[in-house]
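Q: After the structure tokens below, expect a handful of questions from me.
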Amino acid sequence: MRYLLVNMLNFVNMIKNDCRVIGVMSGTSLDGIDLIYASFEYKDNWKFDLIKAETIAYSPKWIDTLRSLVVHSLDELQKIDEDYTSFLASVINDFIKKHNINDIDVVCSHGHTALHQPDNKLTYQIGNKPKLAKLLNQKVVCDFRVQDVELGGQGAPLVPIGDALLFSEYNYCINFGGFANISTQIGDDRIAYDICPVNIVLNHYVKRIGLNYDDEGRLAAQGDVDEVLLKALNDLSFYKETAPKSLGLEWVNTNIFGLIDAHKNDLKDILRTFVEHIAIQVSNCIQDTPNGTVLLTGGGAYNSFLVKRIKTLTNHEIVIPSKTLIEFKEALIFGFLGILKLKNEINCLKSVTGASKDHSSGIIFLP
């Protein structure tokens with residue numbers, strides 16, 4: 001059956017207030033593909049039950065391919081996109097079979113960011129082709145960023161609507177993935193933005209000694225802060241910009257790696273200095289609310305030394321949730337974004353991205 005791009009309004013009356021969803025997320029840290037199976041129910045407010053969750057690690061070949069996306073031409077990216085979409089479908093199908101999942105209303109996928117240059121009206125997530133729905137034989141909602149960029153927004157972050165509707169009891173929600181991003185409520189507006197790079201930098205350097213990550217920040221804890229490098233990092237112009245703002249791999253390649261490498265520190269001092277940089281930037285972003293609560297998720301939440309430095313620099317309660325929520329909150333929320341899209345409800349906030357209006361973002365494909 002040929003694919004059909006479906007106007008979302010056709011679905012409004014078809015979506016229940018209780019839905020079962022597959023959520024799929026791949027981040028810039030290249031830890032793997034995060035998949036969740038969850039139920040969502042609306043009665044006065046939204047509730048969720050995260051039923052199954054799993055991360056499928058990338059092969060070394062895919063890691064090399066995804067790490068080098070920014071150097072490819074558009075034609076080359078389109079070929080990679082075809083291959084990645086097929087690969088992603090196989091991963092999702094394996095997840096469904098492994099966990100004997102039979103009741104699925106929709107599959108909601110972020111894809112993987114290949115290019116993100118919102119100031120040039122450009123963002124490209126691979127893995128969002130119509131054939132994904134055909135290969136899965138499921139309704140799919142995907143490609144959540146493009147519409148926002150077309151409306152003048154940053155196309156990121158997209159998670160804050162989920163923070164607002166699913167985790168409103170926290171003053172701040174911070175995710176430590178490839179980048180740190182934050183969302184919080186200020187008056188009537190949800191405000192969110194990228195804070196700074198995290199694992200995309202830390203993991204880059206420990207790979208030099210054959211590690212995927214610095215376990216609990218133990219190597220960083222043994223290093224010394226290079227105060228000159230720390231000042232140079234903190235003086236980067238991005239940190240003086242006001243929200244909305246977002247970061248991408250291109251920015252890290254241009255502004256971070258060369259700066260760090262020029263100082264010729266040993267590995268432990270690099271890690272120690274960058275951990276301090278992260279802690280300072282995070283503390284700067286949460287200083288307005290005294291004695292608040294911070295929900296901390298993402299792989300960086302396991303970096304005990306980084307968390308310790310943040311606690312030292314702030315007076316907030318840092319809440320580390322269950323392992324499942326730490327690792328799969330973003331995949332969970334992308335599943336939720338798809339439900340909101342199908343219901344024609346706002347899932348992308350202009351106060352967060354800088355778009356010209358709130359909107360219901362994403363593309364719907366039928367098998």
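The values are calculated or read from the model by the stated rules, or taken from the named source; none is laboratory data. Just so you know, these numbers come straight off a predicted model, no measurement behind them. Glycine gets a Cβ as well: all are built from the backbone with ideal geometry, and neighbour counts include every protein chain shown. These accessible areas exclude ligands, DNA and RNA; they are computed on the full protein's heavy atoms, side chains included. Shrake-Rupley method; radii C 1.70, N 1.55, O 1.52, S 1.80 Å.
Q: Would you work out the charge dipole size for the chain about its Cα centre, treating the Cβ of every Lys and Arg as +1 and the Cβ of every Asp and Glu as -1, and quote it to the nearest 20 debye?
A: Dipole magnitude for the chain comes out near 720 debye.
Q: Could you tell me the largest-minus-smallest coordinate of the C-alpha atoms of the range 203-243 on each of the three principal axes, in descending order and whole angstroms?
A: Between the extreme Cα coordinates on each principal axis of the range 203-243 lie 36, 23, 18 Å.
Q: Run lengths n ≥ 4 of DSSP H only: what is the helix-derived mean residue ellipticity at 222 nm for the chain, with -39500 (n - 2.57) per run over all residues, to the nearest 500?
A: Working: 14 runs with 137 residues, N = 367.
After summing the helix terms and dividing by the residues of the chain, the value is -11000 deg cm²/dmol.
Q: OK, next. Nearest 10 degrees is fine. How inclined is helix 304-313 to the longest principal axis of the chain, computing both from alpha carbons?
A: Relative to the chain, helix 304-313 is tipped by roughly 70 degrees.
Q: What list of ³J(HN,Hα) couplings, whole Hz, do you get for the range 132-140 from phi and the Karplus terms 6.51, -1.76, 1.60, once you set θ to phi - 60° and write x for glycine and proline?
A: Along the range 132-140, the couplings run 4, 5, 5, 5, 8, 6, 9, 5, 10 Hz.
Q: If you don't mind, another one. Which value, in Å² and to the nearest 10, is the accessible area of Ser246 when all protein chains are kept and the probe is 1.4 Å?
A: 20
Q: While we're on this one: Taking a probe of 1.4 Å, how large is the accessible area per residue of the range 237-276, in Å²?
A: Spelled out: the 1.4 Å probe surface of the range 237-276, per residue, equals 46 Å².
Q: Tell me, what HN-Hα J-couplings in whole Hz come from the Karplus equation 6.51 cos²θ - 1.76 cosθ + 1.60 at θ = phi - 60° for each residue of the range 29-36, using x for Gly and Pro?
A: Once θ is set to phi - 60°, the couplings for the range 29-36 become 6, 6, 5, x, 9, 8, 10, 10 Hz.
Q: Hey, in the GNM for the chain with a 10 angstrom Cα cutoff, which one of Asn102, Asn303, Asn171 fluctuates hardest?
A: Of Asn102, Asn303, Asn171, the Gaussian network model singles out Asn102 as fluctuating most.
Q: Scan (i) 135; (ii) 148; (iii) 160 for the value of volume of the Cα convex hull per residue in Å³ calculated from this model and give just the label.
A: (i)
Q: Can you tell me what the convex hull of the Cα atoms of the range 263-340 projects to on average, as an area in nm²?
A: About 7.0 nm², averaged over all directions.
Q: Find the Cα radius of gyration of the range 79-149, compare it with 2.2 N^0.38 Å by division, and give the number to two decimals.
A: So the range 79-149 has a normalised radius of gyration of 1.19.
Q: Which of Gly223, Gly298, Gly27 moves the most in a Gaussian network model of the chain with Cα springs under 10 Å?
A: Gly223
Q: Continuing with this model, one more query. Find the accessible area per residue for the range 78-129; the probe is 1.4 Å, ligands and nucleic acids are left out, and the unit is Å². Don't skip to the answer; put the middle values down first.
A: Numbers: 2180 Å² over 52 residues.
It amounts to 42 Å² per residue over the range 78-129.
Q: Another question about this same structure. If you find the alpha carbon centre of the range 16-81 and of the range 302-367, how far apart are they in angstrom?
A: After rounding, the separation between the Cα centres reads 13 Å.
Q: Expressed as an acute angle from 0 to 90° and rounded to the nearest 10, what is the orientation of the C-alpha long axis of helix 267-285 relative to the principal long axis of the chain?
A: 70
Q: Any idea of Cys285's accessible area? Nearest 10 Å², probe 1.4 Å.
A: 30
Q: Sticking with this structure for a sec: Along the charge dipole of the chain, which of Ile36, His72, Thr293 sits closest to the positive end, that is, farthest toward it, with unit charges on the beta carbon of Lys, Arg, Asp and Glu (+1, +1, -1, -1)?
A: Farthest along the dipole direction, towards plus: Ile36.
Q: Follow-up. For the chain, what does the relative contact order come out to in percent, with C-alpha contacts under 8 Å and a separation of six or more?
A: Taking the mean separation of contacting Cα pairs over the length of the chain, I get 24 percent.
Q: Let me ask another. Could I get the Rg over Rh figure for the range 102-240? Both from C-alpha atoms, Rh via Kirkwood, rounded to two places.
A: 1.03
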